Amino acid sequence: MHAALHGIRVRFGPLVAVDDVSVDIAAGKILAVVGENGAGKSTLMNVLFGLIKPDAGRVEVDGRDRQWSSPQDAIKAGLGMVHQHFMLQEDMTVLENIVLCGEPVKWFGMVDFAAARRKLADGFSQHGIAIDLDAKVGSLAVGQKQVVEILKMLYRDASVLILDEPTAVLTPQEKDRLFAILRSFAAAGKSIVIITHKLDEVMEIADHVTVMRGGKLVSSLPLGETSKDRIAREIVGGELPPPIRAAAREPGNIVLSVKGLTVAGQGTQVGPVDFDIRQGEIVGIAGVSGNGQAELIQALAGLRPTASGVIELGGKRIEALHVPERRLAGLSYIPEDRQRVGLALGATVAENANAGRDDVGAFSRGPFIDRTAMARFARSLIDRYRIKVRGPASLASTMSGGNKQKLVVGRELSRETPLVIAENPTWGVDIGAIELIHTELMRMRDSGHAVLLVSTELDEVLRLSDRVLVMYSGLLSEPIPAAKADRNTVGRLMTSRSGDARQAA
């Protein structure tokens, strides 16, 4: 199926989000759409999928101009979209989510779940997918939820597939499997669109690359007529700063000490684990998603109860403290899930920027909130982290995913606490913002703070960490010094038994 967008313009009030953009989506090809956060990539694809009605321009599918009254029209026409933030019903099972709004019906209007299982079984067998169809979606890890979103699209036999940051939470193995599926779809004549920030993946899978900046089309070229460096320059509008390099330094006193900690996980117990983090160092935890990293971090942050063990922050035991008390004790937390944990989407940017601040007196006048001071602080974060939003009074829900992430990162790092826990801190942000966030984490480290970095991006862990721990099946390896941590060593431990991992480390 061939699709195209011609002269698309989208306004949100005075903001022109997409400005006269035309893109061709050829059958049998994979198109990568790249650009900074807020460049208009997702908005443009939302027009194609019928989620947004353009102010100008037209949508063409197989040579016919189409006007969607809703995404259901686009789905019926053969389009499918996997969104960056999951569109799932957490109280329903995996199977119920997949067939929702497309249920196969048998006698007396009953849903034919058996037919759906048979159809999915064929896809599972063909593509090597494994997931429990009867599991509640709310019980799944983030990576598994992404798989459910992809299965929803595959179940509907979409011919134009749009994926917004599809690999942001996938393991390398899951990414490779997804790319194999997409290549087979393209070979069968389907049109594929990937919105992504990962230029290595663009170079790996794309046939054509479209670059957007500030709502405008910068270039749209076959992959063979461009390069990774050119794409990066077009995204940021100039040269990228050189990659930061961590300077060796002697760490200080212990900030976080974890001893014999066990946590109830999703089917697998986490722990017992023992580790510590000192002043002036970044300790990275690498591992395949679903091996207990999320449960461990939630236990440290106070979002999940511990079964046993000791957590000390600055020499004070905190395992019995609630979240606000842990924050006051000196902990900042950049969560993986900015939508549900990091932000209140119905609140303003200013309210989110000031949430959880320790210096309450800085934005209050006696018993009253000083909204001018709150807006001033929010503006400082907007400027420092290059957050694209109309202003402090805008709702957090109006921002793109990457800009939401930058707001969370800026708020947490601005607290300057002794300990920072950063969980996938660059998920869904553009290459320029990745450099900024990495620089800020290194600044925290170099100024004597302790940073615990948990990331499914192995290169990120290796690039920033002074010591690397590998989590497998709920257990941690012994720490690996940065000088001895490479992709082969760490990658092997990510798929090893925990005992073997300790020995190898």
Handout entry: From 167, 196, 210, residue being without any contact (Cβ under 8 Å) to a residue 60 or more places away in the chain and under 27 Å from residue 237 (Cα atoms)
Key = 167
Handout entry: Verdict on residue 164 being among the acidic types (Asp, Glu) and closer than 17 Å to residue 28 by Cβ
Key = no
Practice task
Only residues that are at pLDDT 90 or above, surrounded by fewer than 16 Cβ atoms within 10 Å (Cβ to Cβ) and assigned to a loop (DSSP other than H, G, I, E, B): list them for the range 36-66, please.
Solution key: 53, 55
Practice task
State whether one or more residues within the range 62-71 are within 22 Å of residue 401 (Cβ to Cβ), free of Cβ contacts under 8 Å to residues at least 24 places away in the same chain and not assigned by TED's automatic domain parsing to the domain that holds residue 390.
Solution key: yes
Fill in the blank from the handout: Checking 490, 429, 470 in turn, the sole residue that is of a type in the set (A, V, I, L, M), outside any helix (DSSP H, G or I) and more than 30 Å from residue 44 (Cβ to Cβ) turns out to be 470
Practice task
Kindly indicate which of 217, 178 is out of contact with any Pro (no Cβ under 9 Å at 6 or more places or on another chain), surrounded by 19 or more Cβ atoms within 10 Å (Cβ to Cβ) and not hydroxyl-bearing (Ser, Thr, Tyr).
Solution key: 217
Exercise for the section: Can you work out which of the residues in the range 344-401 that are in a helix (DSSP H, G or I) and acidic (Asp, Glu) is surrounded by the most Cβ atoms within 10 Å (Cβ to Cβ)? Expected result: 351
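The values are calculated or read from the model by the stated rules, or taken from the named source; none is laboratory data. Here the structure is a predicted model, which means the values were calculated and not measured. Cβ atoms come from the backbone with ideal geometry, glycine included; neighbour counts cover every protein chain shown.
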